[in-house]
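The values are calculated or read from the model by the stated rules, or taken from the named source; none is laboratory data. Treat the numbers as computed from the prediction; the structure is a model and nothing was measured. Please note: Cβ atoms are built from the backbone with ideal geometry, for glycine as well, and neighbour counts cover all protein chains shown.
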Amino acid sequence: MCRRIAGLVRRGAARQVVVNALVQAIPSILNVLLVCLVFWLVFSIMGVTLFSGRFYSCEDSEQQLVDTSLVPDKETCESLAHLNYSWNNPTVNFDSVPAAYLALFQVVRLEHRASVHTTVSCMA
């Protein structure tokens, strides 16, 4: 029984050292996070400057992109409304800084990476 108590005390002391180290590392972790956020802010502002309003595309009734050689602009797409074409903006876009932050965050997390890649490649 005494050995078990001694083992718990030793493990408790080791846990306390780990917890203290983690608590002392919090300011450094926050500094790194702040630098990352500022870095992403720069790229989101650049994205808004370069891509704002350029991700709109003409889609058919099944939400499939219509070829840009057939429908090059908004007016043409809207004139083909009888074919159930609509001029839409994807959910991942760079129309504002918060939307650009979200787009960059999704790319970093590899969440919706395929949709972002498809949207950007359709622009070319």
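Points worth noting:
- Ser28 vs. criteria surrounded by 10 or more Cβ atoms within 10 Å (Cβ to Cβ), more than 19 Å from the chain's Cα centre (by Cα) and at negative phi: no
- Filter result (modelled with pLDDT under 90 and either surrounded by 15 or more Cβ atoms within 10 Å (Cβ to Cβ) or assigned to a loop (DSSP other than H, G, I, E, B) (or both)) within segment 88-101: Asn89, Pro90, Thr91, Val92, Asn93
- Residues being farther than 28 Å from Val108 by Cα and in contact with a Cys (Cβ under 9 Å, 6 or more places away or on another chain) - total across segment 39-66: 1
- Pair list, Cβ under 8 Å, 6 or more apart: segment 70-93 residue at positive phi and touching a residue at least 24 places away in the same chain (Cβ under 8 Å), other residue surrounded by 12 or more Cβ atoms within 10 Å (Cβ to Cβ) and not in a strand (DSSP E or B): Asn84/Asp60
- Whichever residue in segment 47-66 is among the small types (Gly, Ala, Ser) and closer than 24 Å to Pro98 by Cβ and, among such residues, is modelled with the highest pLDDT: Gly47
- Selected residue (criterion: surrounded by the most Cβ atoms within 10 Å (Cβ to Cβ)) from residues of segment 34-46 that are under 19 Å from Ala103 (Cβ atoms) and not β-branched (Val, Ile, Thr): Ser44
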